[in-house]
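What follows is a set of notes on a single structure, which appears directly below.
Here, each number is a calculation from the coordinates, and none is a lab measurement. From a predicted model like this one, the values you see are computed outputs, not experimental measurements. Glycine also receives a Cβ, built like all others from the backbone with ideal geometry; neighbour counts cover every protein chain displayed.
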Amino acid sequence: MRTKINIAPLLIISGIIAISWYSIKKVPSLKEAYKKDFLIGTALNAAQIEEENPIANELIKQQFNAITPENIMKAEIIHPKWDTYNFELADKLVNYGKKYNIQINAHTLIWHSQLPYFMHTIKDADSVKQYFVNHINTIASRYDGKILSWDVVNEALNEDGTLRNSIFLQKLGTDYIVEAFRLAQKAAPHTELYYNDYNIEEPRKRKGAIELIKKIQAAGVRIDGVGIQGHWKAYNIPLKDIEESIEQFSALGIKIMFTELDLSVLPNPWDGNVADVNKHEENNNAAMNPYSTGLPDSMQNKLTKGYEDLFKLFLKHKTQINRVTFWGVNDGQSWLNDWPIKGRTNYPLVFDRQFNPKPAFYNIINLKK
Ligand code: XIL
């Protein structure tokens, strides 16, 4: 007996995809609108690199000319064991960029977070040094010539501008950042090399970042740019600090990127714009998750205005800015739904959970009309 296959659900799903594709096609493109100004980037998760969702894929190709891997090039994934590297997804990312003509910023070589388990068991300085050298040499050389840039060192500074007491500082001493850039320069001579951090627009931390960059330059080592992450609050964006930072960092003769832009609309359990992925808050108080059923207009307007103010500033300084990257494609993907408190509903990006452009998107586009 032949089994009857019910194709109705398949037809419905294809219909939804076709309609979404059709509506995506009609949307203006950020990368087109800003093509004379700076690159427009996004962060891709593993599923997006594997092109699992055709709607997401269509939107990425249409809107962005730069991509950063959200997690898959972090040490815990790409270098899980002392002698084992896992290049599968990073290689796919490189192919993705080639296929769709999108530039890649690799993230990140040296960072105290998301380290492989074995790094937490190492106690002696020699082994840390060996890890450091092998990690940079192996990974940076593999992708040289295939990517645009590396975040060589991520988040090495404390809020007061001093060096963070990471395993690298403890075991390798204060010159480890210069050494990371020196190794990267040798292993990846055709790749731009950046220092990346959050909150370095804030004057005290900025001062530390400027000293760090000057120290690398004084050692005769190449540093091409600085990435200001840009994890801010929609209702309180430090525009003045950002503008001063653009001016002061560009005076060092380096490029400026906004590398992980998102504007949280939710209450923050702490003051400031700290984006330390290791800091979490247990707080299930409903007041901390006020928009689980939708974003009220009053907050949507703040988000829209926040993005508009920021992009106005970016355009004013476009000759100093090379790239602006959103940290995720749409609101559903954002890490800010689970950080610093798990299971909240945040709305920090310019595409909503259904991949539709939000008012903030149109205001950014309209600045170019
Ligand atoms: C975040 C990712 O978005 C999450 O998926 C992951 O669980 C934690 O890290 N600063 C950085 C990024 O440099 O790598 C972080 O990304 C966000 C803060």
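Add +1 for every Lys or Arg and -1 for every Asp or Glu among the other residues with Cβ under 12 Å from the Cβ of W111, and state the total.
Net local charge, W111 excluded: -3.
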Set of lysines near K205 by C-alpha distance (under 25 Å), chain-local residues within fewer than 8 positions excluded = K74, K171, K214, K215, K233, K240, K255, K279, K312, K316, K318
request  = Would you mind computing Rg(Cα) / (2.2 N^0.38 Å) for the range 258-316, counting N as its residues?
outcome  = 1.34
request  = Could you give the size of the charge dipole of the chain about its Cα centre, using +1 on the Cβ of each K and R and -1 on the Cβ of each D and E, expressed in debye and rounded to the nearest 20?
outcome  = 1060
message = Checking the cross-link filter: which lysines have an alpha carbon closer than 16 Å to that of K186, excluding same-chain neighbours under 8 positions apart?
response = K146
Value of Rg to Rh for the range 281-344 (Rh from inverse mean 1/r over Cα pairs, i.e. Kirkwood) = 1.07
message = Whole-Hz ³J(HN,Hα) for each residue in the range 164-175, computed from phi via Karplus 6.51 cos²θ - 1.76 cosθ + 1.60 with θ = phi - 60°, x for glycine and proline: what do you get?
response = 5, 7, 7, 4, 6, 5, 4, 8, 10, x, 5, 8
inquiry  = With just the Cα atoms defining each centre, how far is the range 272-298 from the range 32-60? Give it in Å.
reply    = 26
task = For the range 325-369, build the convex hull from the C-alpha positions and give me its volume per residue in Å³.
result = 71
key: Qualifying GluC sites (Glu not before Pro) in the range 126-199, DSSP loop, other Cβ atoms within 10 Å at most 10   = none
ask   = With contacts defined as alpha carbon pairs under 8 Å and 6 or more residues apart, what's the relative contact order of the chain in percent?
value = 16
ask   = Hey, any idea what the orientation-averaged projected area of the convex hull of the range 195-243's Cα atoms comes to, in nm²?
value = 3.5
query = Taking the alpha-carbon centroid of each part, what is the distance from the range 183-212 to the range 87-112 in angstrom?
reply = 19
request  = Considering the options A156, G145, V350, tell which one lies farthest towards the positive end of the dipole of the range 38-366, charges being +1 on Lys and Arg and -1 on Asp and Glu at the Cβ, about the Cα centre.
outcome  = G145
ask   = After finding the eigenvalues of the alpha carbon gyration tensor for the range 38-366, what semi-axes result from the square roots of 5 times each, listed largest first in whole Å?
value = 30, 22, 21
query = Roughly how many debye, to the nearest 20, is the charge dipole of the range 232-369 about its Cα centre, given +1 on each Lys and Arg Cβ, -1 on each Asp and Glu Cβ, and no other charges?
reply = 540
remark   = Within the chain, the percent of DSSP beta bridges that are antiparallel, given to the nearest 5, stands at 10
key: Of P116, W327, A275, farthest towards positive along the dipole that unit charges on Lys, Arg, Asp, Glu beta carbons give the chain   = W327
key: Equivalent ellipsoid dimensions for the range 215-369 as semi-axes, Å, which come from the Cα gyration tensor, largest first   = 29, 20, 13
task = Measure nothing fancy, just the Cα-based angle from helix 88-100's long axis to the longest principal axis of the chain, in degrees from 0 to 90, nearest 10.
result = 60
message = Over the range 232-330, what is the relative contact order in percent, taking alpha-carbon pairs closer than 8 angstrom and at least six residues apart?
response = 51
task = Multiply the residue gap between D175 and D352 by 0.36 nm, knock off their C-alpha separation, and tell me the result in nm, one decimal place.
result = 59.4 nm
